[in-house]
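Taken together, the values in this text are just the output of simple stated rules run on the coordinates, not laboratory data. Everything numeric in this text was worked out from a predicted model, so none of it was measured. Methodologically, a virtual Cβ is constructed for each residue, glycine included, from the backbone with ideal geometry; neighbour enumeration extends over all protein chains shown.
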């Protein structure tokens, strides 16, 4: 059987599934993609055993029953370099033959029955507008941990309550939380790897669906992004009780321009700082950075309305710049104290930053 497809359509399909292809050769088949035609629709699948993806491709012309695997990296390289607009593919004798214009390639295939099955979506949990989900992921995922020793901290907590979704990310030293309105009844909490939700955001930016839906499938979450179905595991662990560390008496009135603070920090970080100090005093927010290894120091300040007692705190500079880079509010408020966490907050958003000690 022969598959005919436009180069740009095939390349987009490969771009969509590429992040779920394994780069490790523990099991050769997971470095391959599966092509399958059913009911006149072509799908391309990838599965690295931790996550899987199936995307439906437009304008793939082949009869039902076409099914073949081919190594992703080599195929992607071939498609990227072809000069022709049309590609014809067929399997013969354990090889995938690819013809486009004056070029012809042969790539090894593996048995389709060796390709792992993708989990099947069962119960719909919730659907959310794409723009809201993208905002939730961008505003929280940067605060999670990358250390597998504490699996819960590598996840985003997605807590669903009547009419609300609360997304939280933390690594134990900082915490980001955003609350948004959604159409949901009941109560549910999901722990989904932050890396998986970052991949969902990438897919959403490629595919641009209006809504994204989450389904349950045993210990997996099946996420439908337009005509693409992405599956990832959930994390089975106890998530920290973050409400216990959020003060109920958050101070009001100190408003900061995000871009102004970000620019000032970038200026003082010229010394390649590891420590950032913020100092509140009458009329100003002092911003100073220190590279302790080189004894290099840089200082700056921005004007703001503050008439209280002097307050200062030292932070990991990366933790603050991460927030300023990803949270795109024009202005936010700050509650900084000489002891305890600093809380940066805006409409439906809170960011807790623990000070450095000693």
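What to note about this one:
- In the range 255-357, the inverse of the mean reciprocal separation of distinct Cα atoms equals 13.7 Å; this is its Kirkwood hydrodynamic radius.
- Where a label projected 7 Å from the Cα of residue 329 along Cα→Cβ would reach, residues of the range 173-207 with amide N under 16 Å: 175-181
- To the nearest ten degrees, helix 317-326 and the longest principal axis of the Cα atoms of the chain are 60 degrees apart.
- Gap separating the Cα centres of the range 257-285 and the range 138-204, nearest whole Å: 28 Å
- The shape of the chain can be summarised by an equivalent ellipsoid whose semi-axes, obtained from the alpha carbon gyration tensor, come to 47, 23, 17 Å from longest to shortest.
- 0 to 90° range, to nearest 10: angle between helix 130-140 axis and the chain longest Cα axis: 50 degrees
- Annotation: the residues 42, 206, sorted from fewest to most other C-beta atoms within 10 Å of their own C-beta, follow the order 206, 42.
- Potential lengthening between residue 208 and residue 183 on full extension [0.36 nm per residue; Cα-Cα distance subtracted]: 7.0 nm
- Relative to the longest principal axis of the Cα atoms of the chain, helix 194-207 runs at roughly 60 degrees.
- At the listed q of 0.10, 0.23 Å⁻¹, the Debye profile of the range 124-244, built from one uniform point per Cα, gives log10 I(q)/I(0) equal to -0.26, -1.52.
- As a ratio to 2.2 N^0.38 Å, the alpha-carbon radius of gyration computed for the range 1-134 takes the value 1.08.
- FRET efficiency for the pair residue 322 and residue 26, taken as 1/(1 + (r/R0)^6) with r the Cβ-Cβ distance and R0 = 35 Å, rounds to 0.60.
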